[in-house]
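The values are calculated or read from the model by the stated rules, or taken from the named source; none is laboratory data. In this text the structure is predicted, and so the values were computed from the model without any measurement. Cβ placement follows ideal geometry from the backbone for every residue including glycine, while neighbour counts extend to all protein chains displayed.
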Amino acid sequence: MELEYEINLDNFQGPLELLYQLIKKNKIEISEISLARITEQYLAYLKELQTFNLDLASEFMVIAAELIEIKAGYLLPSSSTGKKEKDEKDLVQRLRNYQIYKELSTILQEYEEKALNQYNLPSVYKENFQQEEKLIIDYNLEDLVKAYKQSLASRPENKTADNMKIAVEKIDYISEENINVQEKTEEIIGLFKNKSSLYFNNLLKNQSNHQEIVVTLLSILELTRIKRLKIAQEKLFSTIKIVLR
Amino acid sequence: MNVDKLALLEALLFTASEPVEVSELAAVAELSLNETSEYLEVLIKEYEKRSHGISLKKYDDSYVFVTDPEYATAVEELHSAEKKQSLSRAALETLAIIAYRQPVTRVEIEDIRGVKAEKTLLTLSKYNLIKELGRKETIGNPIVYGTTRDFLERFDLSDLSQLPEIEFNN
Amino acid sequence: MNVDKLALLEALLFTASEPVEVSELAAVAELSLNETSEYLEVLIKEYEKRSHGISLKKYDDSYVFVTDPEYATAVEELHSAEKKQSLSRAALETLAIIAYRQPVTRVEIEDIRGVKAEKTLLTLSKYNLIKELGRKETIGNPIVYGTTRDFLERFDLSDLSQLPEIEFNN
């Protein structure tokens with residue numbers, strides 16, 4: 001075993017590269033014979049590597065196994081020649097491929113080195129101009145309607161058809177109606193025309209916006225205060241009932 | 001006259017975004033101040049030709065390449081390339097709500113979408129798709145929003161009555 | 001040949017620090033793509049003269065002015081700039097495989113180099129030297145990679161056909 005060169009293991013990106021470097025340093029062609037000859041050197045490096053990094057070493061093991069198999073094939077000349085040749089061929093082919101890209105990357109590196117000496121002009125101009133953001137609307141009305149429907153559908157407490165109708169009806173109004181407590185009070189009383197009790201949540205659900213909800217609440221409180229209404233809850237968390245007195 | 005020195009000075013000036021002093025150029029090009037000035041005069045003459053769109057300018061003892069003024073608009077056009085933006089789904093939904101329910105307050109929009117609307121409203125305002133219509137006479141006097149003429153234009157609507165009616169097929 | 005258009009294109013390119021697509025130039029210069037390319041060829045020729053220290057380079061369909069490599073040291077000296085860093089060997093090898101075999105999957109690259117390629121691919125993507133071209137229609141639908149315009153620029157290749165040819169001496 002002749003190790004003329006100290007090879008720093010950190011420099012090896014992978015088993016193929018190690019093998020490639022060994023072949024190069026031994027100044028032999030990539031061929032089946034050289035592979036058998038190089039096996040011991042490869043294993044020697046591998047042994048050193050293992051003490052450093054087991055994880056990394058495992059990547060090298062596969063190739064090591066292949067090399068040993070090839071070498072064994074030579075030691076046992078009578079063993080199945082067909083398989084031996086195939087193993088060799090595969091590994092030699094991989095090495096040749098690797099060698100090609102290795103050489104290409106060297107050429108690319110020369111190209112890069114030259115190109116890195118080309119300096120671009122400074123990028124001062126771009127900064128001096130304002131980047132104008134222009135809006136591209138490639139939506140049509142259908143998309144708008146769809147978006148509206150989606151937004152309504154996503155409203156968690158608003159999934160019933162009734163509530164959607166409210167939303168639709170409201171499209172036409174232009175100026176906001178101002179609902180005051182007095183009007184709301186009368187409206188609520190009106191709701192009791194045909195029944196003696198109402199469910200609080202239904203009442204609120206039928207209000208179209210925050211303002212109405214607030215006014216409705218205030219009206220109920222007012223009606224309760226003046227003892228026109230009674231608020232009742234049969235048990236904890238059950239539906240709140242509003243009863244006309 | 002050494003063409004390589006001329007080329008070198010040109011390369012140096014090309015990479016400089018601000019005027020470079022002749023002394024600096026001379027030092028790097030390994031020329032005397034006088035020689036450098038002479039070379040630079042040759043460069044100035046060369047770039048004065050009408051086939052060039054840039055000029056070498058001398059300010060005091062400094063030199064800088066600039067584009068010729070007549071191409072300013074074109075240069076601006078090249079660099080102020082519009083950044084194309086399209087509306088996000090959130091923005092489109094918000095716009096739809098405003099279109100159909102205007103005048104509408106931020107809180108009402110947030111109620112429907114279940115998320116904060118502030119940033120989306122800013123975006124839509126920036127693109128001039130919505131505007132403030134005024135303030136609602138209710139607690140807090142919230143701003144009410146509506147759509148703009150730009151909105152009508154972009155969706156090709158002659159007026160808001162042209163907004164398609166909505167059928168909910170549940 | 002209109003000298004004003006030639007001058008305009010020169011002015012435009014002079015203000016660009018990165019390759020500009022011929023279509024952008026054509027739009028701003030109000031020329032057809034073919035006309036623009038012809039004018040740009042004239043510019044390239046003009047700047048090939050030895051008296052010029054800069055060159056107009058073509059990378060795919062984009063053009064950019066760069067200083068000639070022989071003046072790099074002087075340029076660096078003027079701007080007290082550090083020499084630009086070249087890529088690591090692992091990055092170069094991976095890049096070579098991608099350049100010649102694109103579209104190529106990570107597994108194919110790993111197969112050739114015999115090592116994991118994930119980190120290198122991330123680095124190359126970060127420098128915008130490679131991009132995802134799509135997905136291969138095979139088991140697992142792996143991403144396939146290819147090189148970018150920045151790759152061409154970095155290695156001063158006008159297009160992929162300029163890649164050095166390889167001799168397979170089997």
Q.
Among the residues that make up segment B:2-16, is at least one of them touching a residue at least 12 places away in the same chain (Cβ under 8 Å), more than 10 Å from every other protein chain (Cβ to nearest Cβ) and over 28 Å from the mean Cα position of the chain (by Cα)?
A. no
Considering only segment A:218-238, I want to know if a residue exists there that is within 14 Å of another protein chain (Cβ to nearest Cβ), within 11 Å of A:LYS184 (Cα to Cα), surrounded by 13 or more Cβ atoms within 10 Å (Cβ to Cβ) and out of contact with any helix residue (DSSP H, G or I) (no Cβ under 8 Å at 6 or more places or on another chain).
no
Checked C:GLU137, C:GLU132 against criteria (of a type outside the set (Gly, Ala, Ser), at negative phi and modelled with pLDDT under 90); the one match is C:GLU137
Residue pairs within 9 Å by beta carbon, gap of at least six or interchain, first lying in segment C:75-87 and closer than 9 Å to B:LEU12 by Cα, second at pLDDT below 85 and among the small types (Gly, Ala, Ser), listed first then second, are C:VAL75/C:ALA81
message = Being over 27 Å from B:ALA7 (Cβ atoms) and either free of Cβ contacts under 8 Å to residues at least 24 places away in the same chain or buried (at least 21 other Cβ atoms within 10 Å of the Cβ) (or both): is that true of C:GLU30 here?
response = yes
- Task: Kindly indicate whether any position in segment C:33-40 is under 19 Å from the mean Cα position of the chain (by Cα) and more than 11 Å from chain B (Cβ to nearest Cβ).
- Result: yes
Among (1) over 30 Å from C:ALA16 (Cβ atoms); (2) in contact (Cβ under 8 Å) with a residue 40 or more places away in the chain; (3) at the interface with chain A (Cβ under 10 Å from one of its Cβ atoms), B:THR147 falls short only on (3)
task = Would you be able to say whether some residue in segment B:47-68 is facing chain C (nearest Cβ under 9 Å) and exposed (fewer than 12 other Cβ atoms within 10 Å of the Cβ)?
result = yes
Next item on the list: Look at C:ALA27 and say whether it is within 25 Å of B:ALA72 (Cβ to Cβ) and facing chain B (nearest Cβ under 9 Å).
Entry: yes
When segment A:105-148 is checked residue by residue, the ones that are within 14 Å of chain C (Cβ to nearest Cβ), modelled with pLDDT of 80 or more and assigned to a helix (DSSP H, G or I) are A:SER105, A:THR106, A:ILE107, A:LEU108, A:GLN109, A:GLU110, A:TYR111, A:GLU112, A:GLU113, A:LYS114, A:ALA115
Only unsatisfied item for B:ALA99, checking (1) within 23 Å of A:ASP143 (Cβ to Cβ); (2) more than 7 Å from chain A (Cβ to nearest Cβ); (3) crowded, with 16+ Cβ neighbours inside 10 Å, is (2)
Checking A:GLN50, A:GLN21 in turn, the sole residue that is at pLDDT 75 or above, more than 20 Å from A:ASP87 (Cβ to Cβ) and in a helix (DSSP H, G or I) turns out to be A:GLN21
B:SER158 fails exactly one of (1) modelled with pLDDT under 85; (2) more than 25 Å from A:ALA153 (Cα to Cα); (3) within 11 Å of chain A (Cβ to nearest Cβ), namely (3)
Out of curiosity, is C:LYS58 without any contact (Cβ under 8 Å) to a residue 12 or more places away in the chain and out of contact with any Phe, Trp or Tyr (no Cβ under 7 Å at 6 or more places or on another chain)? no
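A quick yes/no check of all residues on (1) assigned to a helix (DSSP H, G or I); (2) more than 29 Å from A:LEU223 (Cα to Cα); (3) at pLDDT below 75:
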site	(1), (2), (3)
A:GLN150	yes, yes, no
A:PRO156	no, yes, yes
A:ASN163	yes, no, yes
A:ILE166	yes, no, yes
A:ILE174	no, yes, yes
A:LYS184	yes, no, no
A:ILE189	yes, no, no
A:ILE213	yes, no, no
Those residues of segment C:125-147 which are β-branched (Val, Ile, Thr) and buried (at least 18 other Cβ atoms within 10 Å of the Cβ) amount to C:ILE130, C:VAL144, C:THR147
(Q) Kindly evaluate B:LEU121 against the criterion of being surrounded by 15 or more Cβ atoms within 10 Å (Cβ to Cβ), away from chain C (no Cβ under 14 Å) and within 21 Å of the chain's Cα centre (by Cα). (A) no
